[in-house]
Amino acid sequence: MWLSDVRLVLPDRVLERASLRIDGGRIAELRDGPVPHADLHGTGLTAIPGIVDLHGDMLEREIEPRPGAAFPINMSLFELDKRLAAAGVTTAYAAISFSEHRANHLRSEERAKEIVEAVGAWRGSLLTDFRIHARFEITNPRAAPVLKDLIERGLVDLVSLNDHTPGQGQYRDLEQFIHYVSTWQGKTRAEVEANVRERMARSRDAPPSWATIAEVTALALEAGFCVASHDDDSPEKVALVHSVGASLSEFPVTLEAACAARDAGMRVIMGAPNALRGGSHSGNLSAIAALEAGALDILASDYYPAAMLQAALCLHRDHALPLHRAINLISLNPANAVGLHDCGSLELGKLANLVLLDHGHHWRVAATLREGRVVYWAGHPVLRHGAVYA
């Protein structure tokens with residue numbers, strides 16, 4: 001199938017009027033210029049690689065959008081999958097928490113196991129290439145054996161090391177953390193502060209076992225996938241997580257930590273909502289500041305999938321980042337970071353995962369293709385005839 005007369009965003013340049021041929025679900029040919037008698041004529045559309053999201057927190061909230069109001073995992077998974085395809089995401093790593101929140105069953109290790117197993121059972125029926133990003137809360141001693149079992153069964157694709165103890169990492173500013181939680185959960189300041197002091201004391205009395213952490217990361221690396229660190233707040237923290245095998249630093253909270261990760265050869269991941277909104281909602285490092293310092297490699301959806309595409313376009317429009325480099329932040333760079341060398345760019349032989357963008361009053365996804373098959377269509381007339389649908 002030929003897709004002709006589209007603007008193609010390649011890894012190193014943009015072709016203004018070009019054509020792309022898909023055969024057997026892969027990119028078989030690229031040509032600079034329109035092709036006569038093509039199957040599809042995409043005049044006015046821009047084609048970019050399918051978006052690769054390494055960290056999306058949405059599935060847990062899809063399952064339980066309000067406290068105590070839980071829905072079936074399979075239904076939630078399929079509903080989220082549709083929205084991801086509509087946002088141009090063709091590869092999605094669902095971030096699942098293995099936390100010690102006994103009051104929040106949704107983020108316990110037992111619930112995490114249930115979700116991971118459900119994704120494993122249904123992933124072959126989804127529109128997107130749906131994968132598991134296991135968020136290993138290192139302060140939870142019950143998480144390690146559950147996580148190791150899931151890794152050995154081949155149900156995990158990425159592990160990140162998380163420590164959400166107040167007073168460090170993402171929540172190093174205690175006053176801001178207490179205000180955030182009390183506002184979000186509708187609790188009094190005194191209730192939140194008492195819980196914070198209890199968690200800090202518990203972490204101080206029973207610190208994480210770095211021997212266990214090293215064991216989990218070694219198992220992950222042996223299984224052939226990457227390990228990420230989460231919310232690094234200092235060069236010392238970066239050095240520690242790098243020493244146990246972490247090659248990704250996601251959402252570093254200070255510029256010093258981001259630069260230390262870059263200097264250690266780690267790839268730095270920042271939130272697309274952070275980049276799009278112009279700053280962190282919790283007062284931590286701005287993605288724009290990381291970009292200006294040369295310490296931004298990848299954008300992830302974090303909590304809002306639609307931000308991926310719009311953040312990349314914002315960096316191109318408002319911060320003079322060349323379009324191909326902006327798109328690489330949400331496609332080629334994340335794919336390469338986790339060893340997905342079959343996708344992430346419009347190149348010969350790669351999977352035909354691509355997104356067609358329509359630029360009217362607002363950039364929007366006109367269609368998403370995964371392995372050459374249309375998994376989302378917004379009704380644009382270019383795909384009314386000749387396209388292959390999933």
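The values are calculated or read from the model by the stated rules, or taken from the named source; none is laboratory data. For clarity, every value in this text was computed on a predicted model and none was experimentally measured. Don't worry about glycine lacking a Cβ; one is built from the backbone with ideal geometry, like all the others, and counts go over all protein chains shown.
Odds and ends about this structure:
- Among the residues making up segment 62-94, those that are among the small types (Gly, Ala, Ser), modelled with pLDDT of 95 or more and either assigned to a loop (DSSP other than H, G, I, E, B) or under 16 Å from Gly120 (Cα atoms) (or both) are Ser76, Ala87, Gly88, Ala92, Ala94.
- Residue check for Ser108: within 21 Å of Met270 (Cα to Cα) and either surrounded by fewer than 24 Cβ atoms within 10 Å (Cβ to Cβ) or touching a Lys or Arg at 6+ places or on another chain (Cβ under 7 Å) (or both): no
- Test result for Arg21, under 17 Å from Glu371 (Cα atoms), touching a strand residue (DSSP E or B) at 6+ places or on another chain (Cβ under 7 Å) and charged (D, E, K, R): yes
- For segment 18-47, residues that are modelled with pLDDT under 95 and touching a Pro at 6+ places or on another chain (Cβ under 9 Å) total 2.
- Only one of the listed residues (Ala18, Ala38, Ala69, Ala28) is within 21 Å of Gly344 (Cβ to Cβ), surrounded by fewer than 21 Cβ atoms within 10 Å (Cβ to Cβ), out of contact with any helix residue (DSSP H, G or I) (no Cβ under 9 Å at 6 or more places or on another chain) and not charged (D, E, K, R). That residue is Ala28.
- Pair list, Cβ < 6 Å and 6+ apart or interchain, from segment 288-305 residues that are farther than 10 Å from Asp57 by Cβ and outside any loop (DSSP other than H, G, I, E, B) to residues that are modelled with pLDDT of 95 or more and β-branched (Val, Ile, Thr): Ile298/Ile269; Leu299/Ile330
- Reported count of residues in segment 123-161, each being touching a Gly at 6+ places or on another chain (Cβ under 9 Å) and of a type in the set (D, E, K, R), is 2.
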